[in-house]
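Worksheet for the structure shown next.
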Amino acid sequence: MTTDPSRPGHKHKNSLLTSPFEQALVPPQRLEGESVALISPSAQSSHRPCMRRMSGKALFAEPSNLQATATTSLFNQGIDSGTACAEAVFTINQTRVCVTLTSTGLQLTKLSRGFPGCGGRHIPASVSYDDILSASQLQHTSWFWNMFCSGQTHQLVIHTFTRSRTKKCVWRPRQLVMGTSSIDTVREWAIRINGGIRQSSHRPHSLLVLLNPFGGTKKAREVWRDIALPVFDLAGVRCTSIETERAWHARQLVSELTLAELDCYDGIVAVGGDGLFQEIMNGLLDLRAQGSQMAAVAARMRLGHIPAGSTDAVAYSINGTRSQLTAALHIALGDRMPLDVLRVDTEDRKHRFAVCVASYGYMGDLMKDSEKLRWMGPARYNIQGAITLFRGRSYSARVSWLPAPLLGRARSVCGVGCPVCGSTDLNHTHTSTAFNQPSHKALEEGNWQHVEGEFKSVMAIVTPCRSDQSTLGLAPYGHLADGRIQLVMVHKCSVLQYLRFLAAIPQAGIEPGQFHYVEVLDVSAVRLEPIGQESSWNVDGELLENNHVTGQVHKGLLEIFARGVEI
């Protein structure tokens with residue numbers, strides 16, 4: 001990690017290494033044994049410095065005119081990376097395969113069965129550009145390889161992924177190795193494929209990465225170095241990483257970015273727990289509140305979450321898993337979709353933004369009291385949860401809500417290609433300023449409904465809010481961007497009844513009609529006014545100082561690096 005002198009105390013690391021996108025084509029007069037690398041035309045046009053590893057050190061140099069000419073002439077021999085079709089025969093797992101390059105990716109057709117046990121049956125029928133990180137060249141010169149691999153001394157390596165057989169949303173890295181005896185074929189195809197990938201406008205080129213080395217499992221550094229960074233290197237993504245040093249440091253770092261600094265990035269990534277993601281989100285919305293050009297640049301900024309915390313509900317909700325590799329792949333591939341945001345305003349004129357759940361009563365007490373047991377790690381929630389349960393507290397309050405508009409749709413699980421979330425107009429959310437108004441002012445009119453009584457807990461669930469404890473989510477039929485809050489009111493009940501309610505969450509989530517003492521409503525806004533003894537509000541894992549709150553959901557306010565849960 002190197003330190004930027006202009007920002008004392010902030011640790012930076014540039015991870016632009018020798019990815020297939022940033023390597024230079026070696027001139028024909030190269031030394032014997034020197035490896036051949038590739039650079040895509042898009043990488044050349046950006047005038048980025050090339051980096052090549054030499055004796056364990058990195059050497060920066062601008063591509064020479066000779067290199068640029070060689071690459072351009074090879075790429076422009078009657079082809080275009082985005083639209084042209086090409087066809088060649090490769091050997092994959094000892095199986096001859098005809099590979100066709102189209103405008104959307106690769107089509108593979110087997111020409112022979114190959115040898116038994118060599119993996120020919122695992123050859124995919126197609127690979128989309130959307131699922132490819134990069135293509136690179138690999139050359140074998142050993143006598144063993146030349147003797148037993150039919151002279152296939154040159155290989156084209158497609159860096160992609162495969163889905164778990166038991167859980168589709170869990171991705172694993174995969175290298176599709178395609179052998180041929182022609183080095184020119186490997187060069188040309190690598191350039192074509194990398195060029196086709198870079199035609200995609202949604203792929204990130206540069207990211208700001210914030211790490212919290214102290215939160216959750218305290219393994220954010222290892223997750224970043226060993227899992228996420230290699231993925232970004234393969235995809236040719238430049239990264240600047242900063243380690244946070246205290247609570248709310250991430251929000252400060254983001255909110256203090258200048259327009260020029262912000263414009264250098266295509267997204268901001270949190271490597272840590274849900275709290276770090278919330279800080280970055282709040283800092284980014286601080287920038288959007290400034291209006292003018294800063295708001296426009298901040299609005300197009302996508303957020304990503306690579307989980308390294310205790311719960312990681314954000315990553316689990318948007319990807320369906322806590323797999324750090326899966327999260328990194330979604331970011332590197334440039335996946336994008338909208339995300340609802342809840343603005344919570346308190347009586348003392350402060351506000352917070354949240355994307356998972358805001359809870360009053362049981363969950364608030366649990367969070368407040370578990371702070372004393374932070375030294376125990378994630379186990380503190382189970383221990384303090386049992387203690388809080390058997391105390392059996394309930395709280396008097398007046399709860400008001402604004403019913404959500406009836407959309408006339410059946411309850412459905414949110415996943416990839418969700419028609420509900422896909423209806424969000426990103427152009428509108430990018431220019432919207434409604435989130436900058438206090439919730440109580442924006443909601444002065446409307447058909448508000450009220451109930452007053454004693455409650456074990458009150459929850460405002462923004463998204464499905466999945467986790468290891470509830471894989472279906474607190475709200476199984478909630479959506480990432482439908483502009484709705486699921487309001488859950490658990491009226492005063494016995495310890496045993498509340499235990500039954502909690503026990504049902506891991507299996508089925510929270511559904512209307514499960515228990516007679518639980519109300520579940522779809523709303524667009526909620527207000528809670530405590531009466532007498534007060535509990536605490538737990539908003540995405542952070543406690544509020546004031547318990548008189550009004551919350552309003554803003555549909556699709558954020559863009560995130562995700563494509564939804566693959567079911």
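The values are calculated or read from the model by the stated rules, or taken from the named source; none is laboratory data. Values in this document were obtained by computation on a predicted structure and should not be read as measured data. Glycine gets a Cβ as well: all are built from the backbone with ideal geometry, and neighbour counts include every protein chain shown. Each accessible area value is taken on the protein alone, full model and side chains, heavy atoms only, with ligands, DNA and RNA left out. Shrake-Rupley method; radii C 1.70, N 1.55, O 1.52, S 1.80 Å.
List of remarks:
- If you go through region 189-246 and keep only what is free of Cβ contacts under 8 Å to residues at least 60 places away in the same chain and either open to solvent by 20 Å² or more (accessible area, probe 1.4 Å) or more than 23 Å from VAL314 (Cβ to Cβ) (or both), you end up with SER201, PHE214, LYS218, ARG221, GLU222, ARG225, ASP226, PRO230, ARG246.
- Considering residues of region 391-406 that are closer than 18 Å to GLY483 by Cα and outside any strand (DSSP E or B) only, the residue modelled with the highest pLDDT: ALA404
- Subset of region 260-314 [touching a Phe, Trp or Tyr at 6+ places or on another chain (Cβ under 9 Å), more than 22 Å from ARG246 (Cα to Cα) and aliphatic (A, V, I, L, M)]: ALA289, MET301
- For region 381-405, the tally of residues that are surrounded by 15 or more Cβ atoms within 10 Å (Cβ to Cβ) and hydrophobic (A, V, I, L, M, F, W, C) stands at 6.
- Residue among CYS118, CYS98 that is closer than 25 Å to THR153 by Cβ and either at pLDDT below 90 or part of a loop (DSSP other than H, G, I, E, B) (or both): CYS118
- Figure legend. Inter-residue proximity from region 87-114: first residues within 13 Å of THR185 (Cα to Cα), second residues of a type in the set (Lys, Arg) and outside any strand (DSSP E or B), beta-carbon distance below 8 Å, spacing 6+ or different chains. Indicated pairs: LEU101/ARG192.
- The residue that is surrounded by the most Cβ atoms within 10 Å (Cβ to Cβ), counting only those in region 252-263 that are without any contact (Cβ under 8 Å) to a residue 60 or more places away in the chain and under 13 Å from VAL209 (Cα atoms), is VAL254.
- Note on region 168-257: enclosed helices (runs of 4 or more DSSP H) holding 1 or more residues that are over 30 Å from ARG374 (Cβ atoms) are 183-198, 229-235.
- Pick from region 276-295, criterion open to solvent by 20 Å² or more (accessible area, probe 1.4 Å) and of a type in the set (D, E, K, R), ranking: farthest from HIS554 (Cα to Cα): GLU279
- Extreme residue, modelled with the highest pLDDT, among residues of region 422-433 that are assigned to a helix (DSSP H, G or I) and either on the phi > 0 side of the Ramachandran plot or open to solvent by 30 Å² or more (accessible area, probe 1.4 Å) (or both): GLY422
- One residue stands out in region 407-421 among those that are open to solvent by 50 Å² or more (accessible area, probe 1.4 Å) and modelled with pLDDT of 80 or more: the one that is nearest to VAL490 (Cα to Cα), namely VAL413.
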